[in-house]
Amino acid sequence: MPRPNKRIQQCRDIAKKRKNFVEVTDISSSDDGNSIEDEVGWIDNKIENEADQIFSTLMKNMETLKKFKRPLVNLGNSRTTKYRKKIKASENQKKNGQTLFQLLSKKSSQENLGSELQDIDNQNEGELKEKNGEEPIKYIPFIEKIEDKLKIEDQQLTSGHKMRLKATQYYFHLLERGHSKLNASQIVAEMLNRRVWFARCVRSWAKAFKNYGDIPKDNRGQYFKGSSLIDDEDIQLKVASYLRQHKFDVTVNSFCNFVNEEILPSIGIENKTTISEKTATRWLKKMGFTFSRYAKGIKA
């Protein structure tokens, strides 16, 4: 009899393993069945005898259950993050001798500025001296100009703009004491617990102040808020009267013609001035019309 090839031998091994597995599972299942029947009978009797006690215990635990107090929204940094930032701020305070609140406070910043500038290393004082026959830049006029600006426009400036001006003023102080631009901007950024990007912004603010006498302002919330003709009460009354008379015959084109021929001339606007179909659609919607199409080109 020839020797079976490799594939036939593999099939025989698989069949043998499957047969052995079925026999073992049958034996184990038969043994477990007897034990499970015994356990189930014992558990059922215990639960039935102590049902009232278990129910009362569950009800008591439900009443004293602590609710999950974790917020569903992000409320800011975690306690660990705040702690790390506080440690970092204290390290920067020891390093620079001034905190953020002292920087933003006028009196305290001026009082601590003298002691801060006295402790700064003056080894780089000769960097801005005469070089190639050119005199170094004087930063004291810029410092005084920022101080005057903060006093005069105190009520008009936002807190963010004041902070940027104060950071720029301190940057000029450091330049006046002999620090390089990069080093001075990094000191200001570290003092406010910021990074490289803020240092770069400080340098750009200082450059803008030297060239234009001010730093860029934040235009948030300063967009143009115009008014519409439909907001006028007299025009609203005329439009409402027209819509009541032509309640089921109103189209966008007919409403445009009514506004262009009657409304606009009545308020002194030339006949050449017209409103577009989009404007007419917005006005109709503002007057409470719901646009549902009954037929082609007719809306109500």
Full extension between N257 and E147 adds, at 0.36 nm per residue less the Cα distance, a length in nm of 33.6 nm
Tell me which GluC sites (Glu not before Pro) from region 229-284 have a DSSP coil assignment and no more than 13 other beta carbons within 10 Å of their own. E270
How do 243-256, 202-215, 76-89 rank on mean C-beta neighbours within 10 Å, highest first? 202-215, 243-256, 76-89
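Values in this text are rule-based calculations from the coordinates and carry no lab data. All values reported here derive from a predicted model rather than from experimental measurement. Don't worry about glycine lacking a Cβ; one is built from the backbone with ideal geometry, like all the others, and counts go over all protein chains shown.
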